[in-house]
Amino acid sequence: MRRKVIISTISAVALAAVVGALVVTERFPSKAASAAPLAVPTVPVVAGTVNSSDVPIYLQGVGTVIAYNTVIVRSQIQGQITKINFTEGQTVKTGDLLAVIDPRPYQAQLDQANANRARDEAQLTNAQSNLKRYTTLGNQGWATPQLVETQTAQVAQLNAAIKADEAAIEWAQTQLSYTQLTSPIDGVTGIRQVDIGNIIHPTDPNGLVVVTQVEPISVIFTLPETSLPQIQQHLANGALKVEAYSQDNTMKLDEGSLDFIDNEIVQTTGSVRFRANFPNKEHKLWPGELVNAWLLLDTRHDGLTVSASAVQQGTQGPYVYVINADSTVAVRPVKVAQVSGGQALIDSGLSAGEQVVVDGQYKLQPGIHVTILHGKAAQEAAAQAAQQMPIP
């Protein structure tokens, strides 16, 4: 009987052990059962492709817009302004009437000169008749030679007087014409310096108004002296195109051509001054405006370009992150020829068709896996990168 009790006790203990083991296994699974392969960390990036195309080569300088002609409209006579015929900022043509000076005193001078000529012409007619009569009498012996000579001298004197009268008339007509102040050039009027009713003088320093020619117009800009031999070499093959842009390079203002190279180098800055002329039909260029001048030097055929945001600067120079076929990235040193319009022209280091990282580089290291963003996410990231990048 006792033996049965012992056996029963052992069975109960064994059963409890089995149940406990099952409970422990259920609550605490073994490491071998729970082990799973770890996911490879990836970094989301925006990618771009290395493109091959014809790329213009520019030299960029800062310039100032200079009016082609600037004229201060002055009066050549003294008088009262009786009429103003323009508004400030108006576009005018050569010969357009700007103002009128009281013409009455000068009209009176012209009338007097005409009257003097009429008087002298009447006297000349009479003197010529007398000379003819005296000459006839002299031939017949009824008039002395002295009388004929005196009458001849009087005719000559009256002829000279008429010439003087004609000169006086011309002078009076010129003075009268000065009462109408006209524009000497095509251009735009500035601020009016004299109001109607005031007396204007030839010695007034500011004149009536300044007329500035803005069509065509010039831009004077500077480039480093090291670029001069290259420019002269290309200029020998023909005129070079120059494009004018706003200070932030976001707006193209006009296209023109290189017109002039200064005859000396500015020693203090080591630069050369250039002048380009622009048609300026839309008047986007304005005298005194600061602009960026892009001198088109050459066009590189099959040039390699990437987004400028792809190029990073390191201790060893510029580099880009190239995306490999296994979605890992590698650092690739590059040589940049120029950065223009948000695109970097690559001299060496890349091949056409390769993919490079254009945004998201700050999280990258060589060999790390990346995930390329597409669609709206890529557009937003690229736009944000473009806003943060300075425009060259």
Boolean, V43 is at negative phi, surrounded by 13 or more Cβ atoms within 10 Å (Cβ to Cβ), modelled with pLDDT under 90 and in contact with a His (Cβ under 9 Å, 6 or more places away or on another chain) = yes
Name the strands (runs of 3 or more DSSP E) wholly inside the stretch 271-345 in which the number of residues that are without any contact (Cβ under 8 Å) to a residue 40 or more places away in the chain and in contact with a Phe, Trp or Tyr (Cβ under 6 Å, 6 or more places away or on another chain) is 1 or more.
-> 329-333
On the given criteria, is A143 over 47 Å from the mean Cα position of the chain (by Cα) and modelled with pLDDT of 95 or more?
-> no
Identify, please: which residue in the stretch 301-325 is hydrophobic (A, V, I, L, M, F, W, C) and farther than 11 Å from Q343 by Cα and is, among those, most open to solvent (accessible area, probe 1.4 Å)?
-> A325
How many residues of the stretch 350-372 are small (G, A, S) and surrounded by 17 or more Cβ atoms within 10 Å (Cβ to Cβ)? The answer is 1
How many residues does the stretch 50-93 contain that are more than 30 Å from S246 (Cα to Cα) and touching a Gly at 6+ places or on another chain (Cβ under 9 Å)?
-> 6
Taking first residues from the stretch 199-212 that are closer than 14 Å to T182 by Cβ and touching a residue at least 40 places away in the same chain (Cβ under 8 Å) and second residues anywhere that are in a loop (DSSP other than H, G, I, E, B) and open to solvent by less than 40 Å² (accessible area, probe 1.4 Å), the pairs with Cβ under 7 Å that are 6 or more apart or on different chains are L208/S75; L208/V194; V209/G190; V211/S183; V211/I185
K93: open to solvent by 70 Å² or more (accessible area, probe 1.4 Å) and free of Cβ contacts under 8 Å to residues at least 60 places away in the same chain, yes or no?
-> no
Under 9 Å between Cβ atoms, at least 6 apart or on separate chains: pull out the pairs that start in the stretch 346-372 with a residue that is over 14 Å from V334 (Cβ atoms) and free of Cβ contacts under 8 Å to residues at least 12 places away in the same chain and end on any residue that is among the small types (G, A, S) and not in a loop (DSSP other than H, G, I, E, B).
-> none
All but one of (1) open to solvent by 50 Å² or more (accessible area, probe 1.4 Å); (2) of a type in the set (F, W, Y); (3) at pLDDT 95 or above hold for F274; which doesn't?
-> (1)
Is it the case that some residue within the stretch 280-287 is open to solvent by less than 20 Å² (accessible area, probe 1.4 Å) and either modelled with pLDDT of 95 or more or more than 17 Å from A344 (Cα to Cα) (or both)?
-> yes
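The values are calculated or read from the model by the stated rules, or taken from the named source; none is laboratory data. None of the values given here were measured: they were computed from a predicted structure. Positions of Cβ are generated from backbone atoms using ideal geometry, with glycine treated the same way; all protein chains shown enter the neighbour counts. Only protein heavy atoms, including side chains, enter the accessible area calculation; ligands, DNA and RNA are left aside. Shrake-Rupley method; radii C 1.70, N 1.55, O 1.52, S 1.80 Å.
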